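The values are calculated or read from the model by the stated rules, or taken from the named source; none is laboratory data. This is a predicted model, so every value here is computed, not measured. Reconstructed Cβ throughout: ideal geometry from the backbone, glycine too, with neighbour counts over all protein chains shown. These area figures cover heavy atoms from the full protein model, side chains too; ligands, DNA and RNA do not enter into them. Shrake-Rupley method; radii C 1.70, N 1.55, O 1.52, S 1.80 Å.
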Amino acid sequence: MSAIEQTRTQVEALGEKYKYGFVTDIEMELAPRGLTEETVAFISGKKGEPEWMLEWRLSAYRRWRQMQEPNWARVKYPKIDYENAYYYAAPKSTKDKPQSLDEIDPKLLETYNKLGIPLSEQKLLAGVAVDAVFDSVSVATTFKETLNKAGVIFCPISEAIREHPELVRKYLGSVVPETDNFFATLNSAVFSDGSFVYVPKGVRCPMELSTYFRINASETGQFERTLIIADEGSYVSYLEGCTAPKRDENQLHAAVVELVALEGAEIKYSTVQNWYPGDENGLGGIYNFVTKRGDCRGNNSKISWTQVETGSAITWKYPSCILRGDNSVGEFYSIAIANHCQQADTGTKMIHLGRNTRSRIISKGISAGKAQNTYRGLVSVHPRAQQARNFTQCDSLLIGKECGAHTVPYIESRNRTARIEHEATTSKIAEEQLFYCTSRGIPPEEAVALIVNGFCREVLQQLPMEFAVEAQKLVGISLEGSVG
Amino acid sequence: MLDIKDLHVAVEGKEILKGLSLHVGEGEVHAIMGPNGSGKSTLSYVLAGRDGYDITSGSIIYKGEDLTVMPPEARAARGVFLALQYPVEIPGVTTINFLKAALNAQRRARSESEFDAMTVLRLVRDKARSLDISEDMLRRALNVGFSGGEKKRLEVLQMALFEPKLAILDETDSGLDIDALKLVAEGVNKLRVPGRSMLVITHYQRLLNYIVPDRVHVLAGGRIVAEGGKELALELEARGYSHIVKDAA
Ligand SMILES: Nc1ncnc2c1ncn2[C@@H]1O[C@H](COP(=O)(O)OP(=O)(O)OP(=O)(O)O)[C@@H](O)[C@H]1O
Ligand SMILES: [Mg+2]
């Protein structure tokens, strides 16, 4: 028996076994500790996945076994013990959850109140047990009907794997291959759930798609996987995350997001990331290692990333665009705020493959307290990319004396007609700016928020309206305690 | 309204104000003149509460309260306003937003209800028109790319909007052309009401033709070395500071 065949039989055997396991151990909530082929099969089984999906996961798993955790980013954290972690936890039953908001960290609740989040949603975000039906469920239903009418598919990726296998098989891993990098490969092996979007040819998605609406529909967990496909001439705007800090017991988060824009299509992807950053000493915060990549596969397509990163103890994230189609456009607008002991290493890659491709990078990094904030970006122009254009602007703002900002731009140009512009600034909130505000009656913390929001304006303007308002408040809240 | 007694102020260990005393009664307008570097702006910063200006001795009593213990924003809420000699640029923050944030912060501190964006815009528009400040300027980032004169006019607009009890104008006339000077002076005169006192710092007698002061003080070497009625300004214009400063020394 050849090695490949042997593996296949083993996998099939495992599949059988775990399908069985699934039935008998229906009460079981956690996959066994540690990461083995069995864990992978267990997860796949829990999701009722077809065999091709299991195989895909297993090949990722085997690849991951041979990979080294990357260490080039400017972030420090204790070694993660992958062998001793849990990789799958079914949504908790209501009896294990906190029973009321009284059991939740008051600081978290204070933030919810500042953001003006209604009580019912506060409970949801804090993971409080709720069995009542929310208003948002009915909202979600109307929402679904509108999308159906337009022919847009928007569902959990686990559902898409079952209901739309032809689309998932065609596109999953086509932008971020299962062998891509340590964290993406890990995600490919054990991803729990995530969103799937397909917008048919020529359709302009009738509303902003937001995971916010899905929040009760499924718990996504630590290894989220998102796949968005915009077919020819279509348009979609997708909003991920929410401004409220989400509680989560899993420290390691490794999500993968893949975007595919076919000819003439446009995808706008906005993120507000506000995972728990840990306490003032950085204890207990989330490690957020994300792989996000968009492929402008068709001519005249466009992908635009906008991100507001304020949470997590560690952020490792480089939303990228592959500008494959001629005349395609990639954009990256980013605000990264690091306060206290947070570490952020984020940026983008713009890979110019097609002719007349254009990219634009606007990055605003804010560091306060003892935080370290790094912009890391790559602009790469391939030989075929005649007349490629890039404009990059990286601005860093420092608040206080103990924080740091670093800019690491890489530029590779293999076409002489390419034009690449890079501008970078580092500034501080000047004492005279603060005094000007306070002398007009604005208290120091509000003054910092105002000045920082001004600094970020170009990026905030990219966000959909309601999101922008929340994001502005969030900017202020995440910098609390950074002055005086 | 304002009572300053034997005020000593040091900046980075260097004494700048050396025993300054000044009394401004309710509704009075006082002018402060004096050579470059004599400590005029320092006095204005100390009154507004800027960090880094250490009061080593002396007292500042404003409406019966010790001003020195209050942070700048508390002073603003109680009616102290400083029009800066060099207004500060804040990129990305639109002027109208800044005005709204400041006005509402002051109102909040006084437990008054906040104004919505429309109300603020209505209040501002009126005053802007009389100071020849365009809507376009209100939508631009605060002071960014404003000409010197535009910045000064915006300071006066803020004074009109906040309706302070004690307004300190630090060389608000410097850098204004003749027409703008008239506009600004008219703006200031309109705000001259019995309950409001002003401290007008200037190098030019010309301004005092428009804004006629109740008293004129000469600040030199960190102290008030001479004072008198509005005719003192004329005398200074004719003869310069040297003889007064010499007499005082
Ligand atoms: N941070 C500082 N460190 C040292 N000296 C300072 C500092 N700030 C101000 N000074 C000094 O204090 C003195 C008074 O300055 P101030 O700005 O109050 O003068 P002024 O009377 O307003 O002058 P002008 O008419 O030129 O505006 C000057 O000699 C100035 O150099
Ligand atoms: Mg001065």
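For this structure, a couple of remarks:
- On inspection, B:D66 fails the criterion of being open to solvent by 60 Å² or more (accessible area, probe 1.4 Å) and at the interface with chain A (Cβ under 8 Å from one of its Cβ atoms).
- Hey, B:G175 surrounded by fewer than 23 Cβ atoms within 10 Å (Cβ to Cβ) and either within 14 Å of another protein chain (Cβ to nearest Cβ) or away from ligand 2 (no atom under 16 Å from the Cβ) (or both) or not: no
- Taken over the stretch A:428-455, the residue count meeting the criterion of being surrounded by fewer than 24 Cβ atoms within 10 Å (Cβ to Cβ) and assigned to a loop (DSSP other than H, G, I, E, B) is 3.
- For the stretch B:49-59, the criterion of a residue being β-branched (V, I, T) and either within 11 Å of ligand 1 (Cβ to nearest atom) or open to solvent by less than 10 Å² (accessible area, probe 1.4 Å) (or both) is satisfied by no position.
- One residue alone among A:C437, A:C456 is within 13 Å of another protein chain (Cβ to nearest Cβ) and in contact (Cβ under 8 Å) with a residue 60 or more places away in the chain, and that residue is A:C456.
- Residue in the stretch B:28-48 that is at pLDDT 95 or above, open to solvent by 40 Å² or more (accessible area, probe 1.4 Å) and more than 16 Å from ligand 2 (Cβ to nearest atom) present: yes
- Residue pairs meeting the criteria (Cβ under 6 Å; at least 6 apart or on separate chains; first assigned to a loop (DSSP other than H, G, I, E, B), in the stretch A:177-192; second open to solvent by 10 Å² or more (accessible area, probe 1.4 Å)): A:T179/A:R63; A:S192/A:G221
- Picking from residues in the stretch A:241-300 that are assigned to a strand (DSSP E or B) and hydroxyl-bearing (S, T, Y), the one that is modelled with the lowest pLDDT is A:Y287.
- Residue that is closer than 14 Å to B:I4 by Cβ, within 8 Å of chain A (Cβ to nearest Cβ) and not aromatic (F, W, Y), where the choices are B:A76, B:A48: B:A48
- Residue match in the stretch B:3-11 (condition: open to solvent by 40 Å² or more (accessible area, probe 1.4 Å) and either in contact with a helix residue (DSSP H, G or I) (Cβ under 7 Å, 6 or more places away or on another chain) or under 27 Å from B:L207 (Cα atoms) (or both)): yes
- Filter result for B:T94 (among the β-branched types (V, I, T) and more than 9 Å from chain A (Cβ to nearest Cβ)): no
- Residue match in the stretch B:15-24 (condition: away from ligand 1 (no atom under 12 Å from the Cβ), more than 12 Å from chain A (Cβ to nearest Cβ), of a type outside the set (A, V, I, L, M) and in contact (Cβ under 8 Å) with a residue 40 or more places away in the chain): yes
- Any pair with Cβ under 7 angstrom, 6 or more apart, that starts in the stretch B:216-244 at a residue that is under 20 Å from B:V46 (Cα atoms) and ends at one that is in a helix (DSSP H, G or I) and open to solvent by 40 Å² or more (accessible area, probe 1.4 Å): B:A220/B:V245; B:A220/B:A248; B:V225/B:V245; B:V225/B:A248
Yes/no per residue for (1) away from every other protein chain (no Cβ under 14 Å); (2) open to solvent by 10 Å² or more (accessible area, probe 1.4 Å):
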site: B:R107; (1), (2): no, yes
site: B:F115; (1), (2): no, yes
site: B:M118; (1), (2): yes, yes
site: B:A141; (1), (2): no, yes
site: B:L166; (1), (2): no, no
site: B:K182; (1), (2): yes, yes
site: B:R192; (1), (2): yes, yes
site: B:M198; (1), (2): yes, no
site: B:H203; (1), (2): yes, yes
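- Which numbered condition A:Q461 misses (of (1) touching a strand residue (DSSP E or B) at 6+ places or on another chain (Cβ under 7 Å); (2) more than 9 Å from chain B (Cβ to nearest Cβ)): (1)
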